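Novice: Structure in structure tokens, see below.
The values are calculated or read from the model by the stated rules, or taken from the named source; none is laboratory data. On a predicted model such as this, the values are computed, not experimentally measured, just so you know. Accessible surface areas use protein heavy atoms only, side chains included; no ligands, DNA or RNA. Shrake-Rupley method; radii C 1.70, N 1.55, O 1.52, S 1.80 Å.
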Amino acid sequence: MESLRDILDAAARGVFPPADGGTTVIAQHSPRDAGVLCFTAHSVVFTDEDPDWVYETLAAMECDALSASMNPRFLAAFMERTGRTSETIDAMLVASPLPGEPPLPLKEIEDADHPRVAYARRRRDDVRVWTADGGVLTTGRGIAGRLEVSVEVDERSARGPVVRHRGLGRSLVTAARHLVAEPLWAQVAPGNARSMRAFQSAGYLPVGSEILLSARPARGAGPARGAGPARGAGPARGAR
């Protein structure tokens, strides 16, 4: 049977699960991550829960079968069953690596106190972070060990003027493709049109949607893994 990583690697090559309206239930790659991936007319639920429970709960949804795995009622039941939480449903994009040097100067940092570093390390392994004038670029291994990218663009750069709408986000996500040697994945909230356009103009292709279910912290242990700044607070997040 294919693993979750096998499914993702195939999707990065443009080979998707059959568009048969079905759902594949597959084991989690690690205890950290559970969730749902949706491709065209096929869903993948990755969980260590009983597959029969997944299929029975999906069949009970009062909606189009193609929408059942992302139906709010199913997701609420999934989180209740697993004791997990989530932030949002994201668009799932992927891009191949590019040769040569990045199109803008980048400086790699190892500052564990930087908010972006701390946020990324709650969600990913092998995190690396680079800064540019007005932005931060992060890579790390997330779902099933795939390599993921996120960017953050500040409201103002060190030079003073607002840097939004100047293509910095697009330059950062393009630069990320020059820093890797394997497919690079991004999760972007569909409502974040600015970020979606930046990634697509940088050559990232939408392949589906996903929701990541994160383990809840023990009481008194601080924010849940993956919890970041409130939307609209602090620097704008270009992608997760």
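Novice: When the Debye formula is applied to the Cα atoms of the stretch 11-66, each taken as the same point scatterer, what base-10 log of I(q)/I(0) results at q = 0.17, 0.30 Å⁻¹?
Specialist: One equal scatterer on each Cα of the stretch 11-66 leads to -0.59, -1.26.
Novice: For the stretch 7-139, what does the accessible surface come to per residue with a 1.4 Å probe? Please give it in Å².
Specialist: Numbers: 6460 Å² over 133 residues.
Using a 1.4 Å probe on heavy atoms only, each residue of the stretch 7-139 averages 49 Å².
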